[in-house]
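A short worksheet on the structure shown next.
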Amino acid sequence: EANAGPVFDICGSLVYPSNAVAALGTGTWTKTSGPAGALVFSIGPNAPDQNITVPSYGTYVLRWTDVNLTCSDFDEITINFYNNPTVAAAGPDIFQCNTTTFTLAGNSAIVGTGMWSEVGGPAGITITDPSNATTTVTGLVAGSSATLRWTISNGTCAPTTDDVVIRNDVQPVADADEANAGPVFDICGSLVYP
């Protein structure tokens, strides 16, 4: 029975190290689905164990067909080739005064998908659209700060992350009763105020 192997996930490489069972007759590797382009074989399409290079990242179904005279059998393997995700950049820390809305400045996920999460700070923060790199954040009360994480993931590859701190400073209040610099003074013949 032809046996091409289990399902594989490959990250950051376009090479599949095949491990098919050697054919009783003549075995042949072919692509039954996947992105356009030809397979490149390190030995040739009839070798069960070799490196098979695909043309681009994506999901492929490769078939190992075993033909012995008038008999034939085949087995297929699904391989997911994932590119490494974009390196996450959460943007600069944001310090604002007595505000209700912060606008984040993460980078676009060219490869993979991005997601914001809160990793430190008070409860009650709302990330308006967690998958949007430049989403708004509300609910951070004055006098507090929070740490948000921008994570970009792609398939089984290791995700990339970066953190940003947002801080909502307290607005000072000038009170005429408390902030009292003293009465009006008139000073004659001197440039010194005691």
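The values are calculated or read from the model by the stated rules, or taken from the named source; none is laboratory data. Predicted model, so just to flag it, every value in this text is computed and none were measured. Here the Cβ is made from the backbone with ideal geometry for all residues, glycine too, and neighbour counts use every protein chain on show. The accessibility values were calculated without ligands, DNA or RNA, using every heavy atom of the protein model including side chains. Shrake-Rupley method; radii C 1.70, N 1.55, O 1.52, S 1.80 Å.
Counting just the residues of the range 22-51 that are under 26 Å from residue 69 (Cα atoms) and outside any loop (DSSP other than H, G, I, E, B), which one comes out farthest from the chain's Cα centre (by Cα)? Only one residue tops the list, namely 26.
Only residues that are in a strand (DSSP E or B) and closer than 30 Å to residue 155 by Cβ were counted in the range 66-92, giving 9.
Among the residues making up the range 41-61, those that are touching a Ser or Thr at 6+ places or on another chain (Cβ under 8 Å), under 18 Å from residue 9 (Cα atoms) and open to solvent by 50 Å² or more (accessible area, probe 1.4 Å) are 49, 51, 59. Somewhere in the range 83-100, is a residue at pLDDT 95 or above, touching a Cys at 6+ places or on another chain (Cβ under 7 Å) and open to solvent by 40 Å² or more (accessible area, probe 1.4 Å)? Within the range 83-100 (the criterion being at pLDDT 95 or above, touching a Cys at 6+ places or on another chain (Cβ under 7 Å) and open to solvent by 40 Å² or more (accessible area, probe 1.4 Å)), the answer is yes, since at least one residue qualifies.
Right, residue 68: touching a residue at least 24 places away in the same chain (Cβ under 8 Å), over 30 Å from residue 24 (Cβ atoms) and either buried (at least 20 other Cβ atoms within 10 Å of the Cβ) or not hydrophobic (A, V, I, L, M, F, W, C) (or both) or not? The answer is no for residue 68.
In this structure, residue 4 does not qualify as of a type in the set (Gly, Ala, Ser) and at pLDDT 95 or above. Selection of strands (runs of 3 or more DSSP E) fully inside the range 101-177 by the criterion of at least 2 residues being open to solvent by 30 Å² or more (accessible area, probe 1.4 Å), more than 30 Å from residue 13 (Cα to Cα) and not aliphatic (A, V, I, L, M) returns 101-103, 136-138, 144-153, 160-169. Residue 76: within 19 Å of the chain's Cα centre (by Cα) and among the charged types (D, E, K, R), yes or no? When the stated conditions are applied, residue 76 does not pass them. Name the residue, out of 21, 61, that is touching an Asp or Glu at 6+ places or on another chain (Cβ under 6 Å) and among the β-branched types (Val, Ile, Thr). Within the list 21, 61, the selection yields 61.
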